[in-house]
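> So that we are looking at the same thing, I have put the structure below in structure tokens.
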Amino acid sequence: MKDPFTLPLRAGILATLGAASLLAFGTAAEACSRILYQTGAGAYITGRSMDWNDLAMQTAFWAFPRGMDRDGGVGEASIKWTSRYGSVVISAYDIATSDGLNEAGVAGNLLYLAESDFGDAADRGKPLLSVGAWLQYLLDNYGSVAEAVAALEPDPFTVVPVTAPNGRPATVHIALSDAGGDSAILEYIGGELRIHHSRDYRVMTNSPTFDQQLAINAYWKLVGGRNFLPGTIGAADRFVRLSYALESSPKFEDRRAAVAAVMSQMRAIGVPLGMSDPDKPNISSTLWRSVIDHDARRYYFDSVINPSVVWVDLDDLDLGPGARPMTLKLGVPDSAGGDVSSRLQPAEPFAFARP
């Protein structure tokens, strides 16, 4: 016999969480997603999708060496550093690092978060860092997620927001992962840095904030993915579906199969190219996906308008002190897939976005 209390209670919870999902869907301007997958051999692979409403976002691979002198990109009050680790990153508009892997095996993914509030720079009184340089700073300086978390807990700088060239505000949060399977989510809410640090935090999407995403996902675990999963492209629903897919996926020992498992999950969560809805103007199409094999230090890129996946092997690049930055345009029609490490060409590094 069904419990007469449990059914109304569950229905009430479902209604509440459903409303939260709809709210997240209505406010999130972009619909990126990220997962951290463990292989059967004990290695880790990070996958992400980039959803954006502008095909002309000038996506490119960049290889940056150790020993580069950097600053936050927003004038005299900017934080300054010298890169401890070389990295390969994917840029957006040549003003921001949106994705990347450093030579210590730390990966970072920049995703949209409508609720982001970095605080007032004058009130915080801390060194400044352009939002376009935020992820690059982390890749340049830290060799593990735990090291990054320990250094960031004092909230040592102020991230300065900008408006993207397509007119959208660059309000974002960051996911970090490393070769040992550690994970952290970094969000600025109400002007303060929130760090969610756990190996269990293997999925990230967009709104609402990460703590609320966890609460929504906890309910759907009770429902059970084999019974029913929420189906919209809203961030909360994608978080639930990705969590179910990740937990249900076999842990493949074969490296090729493991990479394919991650790529297939990222493709399954994508928004079709050109999709629009006059009642939901914030929908954005999936433009590309990246898959990072931490152990192999291989970085895959899958563009929706390119018929073939390309990749870069960090071991095939010179990331030592004194090496020149290198770049390769991505997201353009090109029939040549496979390893493109040798196709990167020397170039002056891009300047980080300024407000």
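> Please label the shape of the range 42-142 as rounded, prolate or oblate, based on the square roots a ≥ b ≥ c of the eigenvalues of the alpha-carbon gyration tensor (a/c under 1.5 means rounded; beyond that, a/b larger than b/c means prolate, else oblate). Don't skip to the end; give the middle numbers.
Details: a/c = 1.61, a/b = 1.18, b/c = 1.37.
It is oblate, given that a/c is not under 1.5 and a/b is not larger than b/c.
> So for each of 165-174, 340-349 I average, over its residues, the number of other beta carbons within 10 Å; can you give me the resulting order with the highest mean first? Walk me through the intermediate numbers first.
Working: 165-174: 18.5, 340-349: 14.2.
Output ranking for 165-174, 340-349: 165-174, 340-349.
> So how do 98-105, 241-248, 146-153 stack up, highest first, on mean other-Cβ count within 10 Å?
Values: 98-105: 24.9, 241-248: 18.2, 146-153: 16.0.
For the peptides 98-105, 241-248, 146-153, the packing ranking is 98-105, 241-248, 146-153.
> Give me, ordered by chain and number, the residues 5 or more places off Tyr93 or on other chains with an amide H under 5 Å from its own placed amide H.
Here the answer is Gln58, Thr59, since their amide H atoms fall under 5 Å of that of Tyr93.
> Compute a Gaussian network model of the chain, connecting alpha carbons closer than 10 Å, and tell me which residue from Gly181, Gly47, Gly119 fluctuates the most.
Judging by the Gaussian network model, the answer is Gly119.
> Please find, in a Gaussian network model of the chain (springs between Cα atoms separated by less than 10 Å), the residue of Met68, Met266, Met275 whose mean-square fluctuation is greatest.
Met275
> Also, I was wondering about something else. Determine the calculated [θ] at 222 nm for the chain from helices alone, applying -39500 (n - 2.57) to every DSSP H run no shorter than 4 residues and normalising by the residue count; nearest 500 deg cm²/dmol. All intermediate terms of the calculation are to be shown ahead of the outcome.
Details: 7 runs with 84 residues, N = 355.
Taken over the chain, the calculation gives -7500 deg cm²/dmol.
> Can you bin the range 239-355 into rounded, prolate or oblate? Criterion: square roots of the alpha carbon gyration tensor eigenvalues sorted a ≥ b ≥ c, rounded for a/c under 1.5, prolate for a/b above b/c, oblate for the rest.
On the way: a/c = 1.96, a/b = 1.25, b/c = 1.57.
The shape class here is oblate.
> Follow-up. Does the range 11-346 classify as rounded, prolate or oblate by the C-alpha gyration tensor (a ≥ b ≥ c root eigenvalues; a/c under 1.5 gives rounded; else a/b over b/c gives prolate, otherwise oblate)? Working shown, then result.
Values: a/c = 1.44, a/b = 1.17, b/c = 1.23.
Rounded shape, in that the Cα axes give a/c under 1.5.
> Each label point is 7 Å from the Cα along the Cα-to-Cβ direction; what then is the distance between the points at Asp318 and Asp295, in nm?
3.1
> Want the number for Lys251 to Lys80: 0.36 nm per residue separation, take away the alpha-carbon distance, what's left? Intermediate results must be reported in sequence, preceding the final value.
Values: separation 171, 0.36 × 171 = 61.56 nm, distance 4.13 nm.
In short, 57.4 nm is gained.
FYI, it's all coordinate maths here, none of it is from the lab. Predicted model, so just to flag it, every value in this text is computed and none were measured. A quick note on method: Cβ atoms are made from the backbone with ideal geometry, for glycine too, and the neighbour counts reach across all protein chains shown.
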